[in-house]
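The next block holds one structure in the form of structure tokens; read it before the comments.
The values are calculated or read from the model by the stated rules, or taken from the named source; none is laboratory data. Predicted model, so just to flag it, every value in this text is computed and none were measured. Glycine gets a Cβ as well: all are built from the backbone with ideal geometry, and neighbour counts include every protein chain shown. Each accessible area value is taken on the protein alone, full model and side chains, heavy atoms only, with ligands, DNA and RNA left out. Shrake-Rupley method; radii C 1.70, N 1.55, O 1.52, S 1.80 Å.
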Amino acid sequence: MFETLEHINWYELETYNIDAREVPGLIRDLVSPYYETYNRADLYLTMLLFGQGSDCEALPAAMPFFIEMVEKGRGDVRHRGLMMIHKFCYSWEPYEPIHPEDWQYQAREIVAERYDLFLPLVHDPDPSIRDRALALLTIGSLFASRHVPEIFTRVQAVVAHEQVLLIQATTLALLVDFYLHNSDALTAQRAQLIAWLGELEQGAGRLLSTLASVGLLKLLEGQTSSDTLQRLLAFAAPDWQSMPFTDVEREVMQKTRYEKMDTQLIVWLSALPMDRYIAAMRPFLENLSEDDARWFLRRVERFLTRVFKPRTVPNPLRTKHPQGGLSYVYKPAAERRSVDGLSPLEREALRIVLALHALWRTQHNLLEAYGFFDPPEALRRALR
């Protein structure tokens, strides 16, 4: 393995801040049987090849060796190779497109050419290999559009037959996002996907049923059924964690973002039209306690941004709270808003936010960030 590693003049390639002379040794350390050696190599390669989120010239040169780990390695080595490939191919799509002049684009092109290597791995007997292969294949536009229908079919089959709930749950969420990113290439699959998610919603365990409901919410948006929405809004209740999840489901939730299902759902609900969105958000926001307030503050910010559409999104600064702990301070908006100029939906949203104001204390000047400079009492009177 790595027979051609020294054929590259690494001294002429740049990494983050320095030249790439350290890269060959770190790539070799990725296959070390000693975890500490591997872990150090993983950490340093991430910093060198993708430091501060910016890719570098050495990334496309290193990518063939990560692929070689998948092709020739077994067990941990193959899994590590898939981890490295996924890490360097992933982007916040579709919000930050990859351009041909980017080094990451070139690295992704190298990976895309090996589609036939990665596709069979979704059926690998090793669950860790299946999991990483599924995550790689469902990266938005990594592989050519002609492969999209086949990827979709394979991944859906994995969700239907996978025995490991952790893989099944995470892959179901990936499948829906993959469809949304590639919907133009999957128009023939839309009706079938909606029907299949409906079956899962009614017949699967509670965790998969919930994720199927989330998928329907993302796909149907304004046409989401009331039953689906009510099923999801059960997570707005303060005692939602007492729901009868199985021990296995709870273990999966602890290992994934679904441990905070209520906060995740606040983000997912933004797919709804404004009137249904405000109605759906009300139980989440009204059930906050003081202990929850800091955790939910950024979610409430999403809510306000969606409703009031400021010209610039508020930039929070973490500061020391006078009574201990951390607080957020927001830059005040340049323009003042009047209650008189608000639409009925905006007035309803402002009522919800004012109900929370006492939880944030005066240091949380989030209202000022959106142009509301009057005291909360004056705003409440103006809304009557």
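If I stretch the segment between F373 and N9 completely, what's the gain in nm (0.36 nm per residue apart, minus their alpha carbon distance), one decimal? Extra length from F373 to N9 when fully extended: 125.0 nm.
Can you tally the net charge around Y179? Count Lys and Arg as +1, Asp and Glu as -1, for every other residue whose Cβ sits under 12 Å from the Cβ of Y179. Could you put the intermediate results ahead of the total?
Details: positive: R190, K218; negative: D177, D184.
That sum, taken over residues with Cβ under 12 Å, equals 0.
Between S226 and A279, the simple spin-label model (points 7 angstrom out along Cα→Cβ) gives 0.8 nm.
Solvent-accessible area of D76, all protein chains in place: 110 Å² (probe radius 1.4 Å, heavy atoms, ligands and nucleic acids excluded).
A188 to Q241: extension gain in nm, 0.36 nm per residue of separation minus the Cα-Cα distance?
On the way: separation 53, 0.36 × 53 = 19.08 nm, distance 3.80 nm.
Here the segment from A188 to Q241 would lengthen by 15.3 nm.
Within the shell defined by Cβ-Cβ distances under 10 Å, the residues around A212 carry a net charge of -1, with Lys and Arg each +1 and Asp and Glu each -1. Taking all protein chains together and a 1.4 Å probe, the residues M63, M47, M83, M274 rank M47, M83, M274, M63 from largest to smallest accessible area. Positive end of the dipole of region 123-230 (Cβ unit charges, origin at the Cα centre): among S145, Y179, A160, the Cα lying farthest that way belongs to S145.
Size descriptor for region 211-287, Kirkwood hydrodynamic radius: 12.9 Å (Cα pairs only, one decimal).
Let a ≥ b ≥ c be the square roots of the eigenvalues of the Cα gyration tensor of region 58-210; is it rounded (a/c under 1.5), or, if not, prolate (a/b larger than b/c) or oblate? Intermediate values should be presented prior to the final figure.
Values: a/c = 2.23, a/b = 1.40, b/c = 1.59.
Oblate.
Computed on the Cα trace of region 201-244, the radius of gyration divided by the Kirkwood hydrodynamic radius gives Rg/Rh = 0.97. Rounded to 0.05, the FRET efficiency of the D116 and R206 pair, given R0 = 41 Å and the Cβ-Cβ distance, is 0.65. Grouping the Cα pair distances of region 139-188 into 5 Å bins from zero gives a pair-distance distribution of 4, 22, 33, 22, 13, 6, 0 percent in increasing distance order. Residue ranking by accessible heavy-atom surface, 1.4 Å probe, largest first, among R276, R231 comes out as R231, R276.
Report the net charge of residues surrounding P375, where surrounding means a beta-carbon distance below 13 angstrom and charges are Lys +1, Arg +1, Asp -1, Glu -1. Display every interim value, and only then the final one.
On the way: positive: R380, R381; negative: E368, D374, E377.
Charge balance in the 13 Å sphere: -1.
Residue separation of E109 and H161 scaled by 0.36 nm, minus their Cα-Cα distance, works out to 15.6 nm of gained length. Its Cα gyration tensor gives region 142-235 an equivalent ellipsoid, and the semi-axes of that ellipsoid, as √(5λ) in whole Å with the largest first, are 22, 16, 10.
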